[in-house]
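Report on one structure; see the data block that follows.
The values are calculated or read from the model by the stated rules, or taken from the named source; none is laboratory data. Note that this is a predicted model, so its numbers are computed, not measured. Virtual Cβ from ideal backbone geometry, glycine too; neighbours counted across all protein chains shown.
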Amino acid sequence: MAKIENPDEEKKRLTYKNGKMGWMRDTWEEYDPLAPGEYYMYVEFDWPEKSEHNEFCVGCYGKNKSYFLRDEAALYSREELLTQLMASCAEKGLAE
């Protein structure tokens, strides 16, 4: 999860908030209250090569309303996105 710092600009700058990996059916993450704004959620699945099941659901719930407005997968390649998020982690001192 990353905050979009400049949502109105063509080239978006992301600030890493948190992330989680998991192998369980339900993988979830709890956040302290987030500042108002737009956020980018990156979700990746490593399906088995011959998997018959490849559908998923992403949700968000809490005290306030949240909306999934658009799919912005075309903004970044996987490599560009991960590079930007890892750079943000390093800037925040989160990378070991």
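What are the residue pairs meeting all of these: first residue in the stretch 48-64, first residue farther than 14 Å from Y31 by Cβ and without any contact (Cβ under 8 Å) to a residue 40 or more places away in the chain, second residue assigned to a loop (DSSP other than H, G, I, E, B) and not basic (K, R), Cβ atoms under 8 Å, and 6 or more apart or on different chains?
Once the first residue is farther than 14 Å from Y31 by Cβ and without any contact (Cβ under 8 Å) to a residue 40 or more places away in the chain and sits in the stretch 48-64, its partners that are assigned to a loop (DSSP other than H, G, I, E, B) and not basic (K, R) give H53/W47; N54/F45; N54/W47; F56/V43; F56/F45; V58/M41; V58/V43; V58/F68.
Residue by residue through the stretch 35-75, note down the ones that are surrounded by 10 or more Cβ atoms within 10 Å (Cβ to Cβ) and hydroxyl-bearing (S, T, Y).
Y39, Y40, Y42, S66
I'd like the residue in the stretch 1-10 that is in a loop (DSSP other than H, G, I, E, B) and at pLDDT 85 or above and, out of all such residues, is surrounded by the fewest Cβ atoms within 10 Å (Cβ to Cβ).
Initially, the stretch 1-10 is screened for residues in a loop (DSSP other than H, G, I, E, B), giving 1, 5-10.
The next check asks that each one be at pLDDT 85 or above; those that pass are 1, 5-9.
On the way: M1: 18, E5: 13, N6: 11, P7: 12, D8: 7, E9: 9.
Selected residue: D8.
Does the stretch 1-34 hold any residues that are out of contact with any Leu (no Cβ under 7 Å at 6 or more places or on another chain), closer than 23 Å to C57 by Cα and of a type in the set (V, I, T), and which are they?
Residue satisfying the conditions is T27 alone.
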